[in-house]
1. Quick one: which residues, 5 or more positions from Tyr224 or on another chain, have an amide H under 5 Å from its amide H? H modelled 1.01 Å from N in the peptide plane, none for Pro or chain starts.
2. Let me understand region 129-229 better: what is its radius of gyration from the alpha carbons, and its Dmax, in angstrom?
3. Summing Lys, Arg as +1 and Asp, Glu as -1, what charge do residues with Cβ under 14 Å from the Cβ of Thr160 carry, Thr160 excluded?
4. Return the whole-Å distance between the Cα centroid of region 272-294 and the Cα centroid of region 124-155.
5. Return the distance in nm (one decimal) between the two label points of a simple spin-label model at Leu264 and Asn221, each offset 7 Å from Cα along Cα→Cβ.
6. Under a Cβ-Cβ cut-off of 14 Å, what is the net charge of the residues other than Leu24 that fall near it, where Lys and Arg count +1 and Asp and Glu count -1?
7. In which sequence would His88, His60 go, from the one with the fewest C-beta neighbours within 10 Å to the one with the most?
8. State, as an integer percentage, the relative contact order of region 185-266 based on alpha-carbon contacts under 8 Å between residues 6 or more apart.
Amino acid sequence: GKGAYPHYMLKEVDEQPAVMRRLLNEYVTADGQIKINADLLTALEAADRLYIVAAGTSYHAGLIGKTLFEKLAKKPVEVHVASEFGYHMPLLSAKPFFIFLTQSGETADSRQVLVQTNQMGYPSLTITNSQGSTLSREADHTLLLHAGPEIAVASTKAYTAQIAVELFLAVALGRHQEQAVALEFDVNHELTLVATGMEAVLSDKDQIEALVKHYLATTRNAFYIGRGTDYALSLEAALKLKEISYIQAEGFAAGELKHGTIALIEDGTPVLAFLMDQSTIDHTRGNLQEVTARGAQTFTIVSDAFAQPTDQIVLPQVNPLLTALVGVVPAQLIAYYASLQRGLDVDQPRNLAKSVTVE
Ligand code: M6R
């Protein structure tokens, strides 16, 4: 049950630091070894390219995973929306390996791709929260999310758990291939910092509630912008907001706005920016000035080290590869309070089911 919580979503958002610690217990020894089956690592090493296939929030977790695999294991990755990939399969590399990300393990769009890749004889892994689920049974390998049941339609702790499991896999694969950056990556330390960073955000919900009241009370639309993994996170932040507050929210690559979409900015349009990717923060701040000049109300979510006095939400510093894990928490809370303040059904938004079992 949801215990003392008014909604499952809030409970599940709050559980995320505990899920990070539980995952460390499940996957990482005290001295930092990663407990992943050698057969799986050998199969991944043999692949020349990883194909991550998923839907919705899981797809967004895959976008973060791409960066992790490419940086920590030097393995090229493509990330695909399952419903597109199944019907318009791109030209595949010579030795593909398929990773299915699915909280439920039952998403029909993802399953129809697995059925095809099995027919083609390609190796596969399902990363899921549900042991014994269809996609788990039908793939060669399974890694569990250990997030506990996720009841709210809006996926929250599954997203952060998926990124953590992708991290374990990327570090283990990188080490298997003797990549220095993976050998040196201190998973216990970095993920513990993430858990405490999440706790810091979660301990100041009132601030976020007040900001939502100020910036999003009556708006019909909003933009999230960012670059690099901040862009990938913008897509997830916008999906959360759309799904439960019905605000028409768009996640956008900050530099792409001026190529057309900036025409939508009017007096008062909320533009929320993630500023955690060090190499592009100044550019994104420049994009914020462009939209401010056209009337936008801007709102920033920024890592401590880069914060300026006018920033709204300041996040504790974590490893640059893991910023989405902490950055998503305010976005989840923004969606939650926007839904709540509009009197909507937070856990069961209109038109949606928890698990989408039709193609
Ligand atoms: O169970 P899955 O991870 O395969 O589900 C995929 C999507 O249907 C799911 O993430 C959906 O987008 C959520 N409602 C988003 O909050």
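Read-outs: derived from the displayed coordinates by stated rules, not from any lab. Bear in mind the structure is a predicted one, so any value in this text is a computation, not a measurement. Positions of Cβ are generated from backbone atoms using ideal geometry, with glycine treated the same way; all protein chains shown enter the neighbour counts.
1. Glu250, Gly251, Phe252, Leu272
2. 18.2, 53
3. Working: positive: Arg21, Arg22, Lys157, Lys240; negative: Glu12, Asp14, Glu15, Glu150, Glu166, Glu190, Glu199, Glu236.
Around Thr160, the surrounding residues sum to -4.
4. Taking the Cα centre of each part, region 272-294 and region 124-155 sit 36 Å apart.
5. Each label point is offset 7 Å from its Cα along the Cβ direction, giving 0.5 nm.
6. Result for the neighbourhood of Leu24: -1.
7. Arranged by neighbour count, lowest to highest, His88, His60 become His88, His60.
8. On the way: 60 pairs, mean separation 19.3, N = 82.
Answer for region 185-266 is 24 percent.
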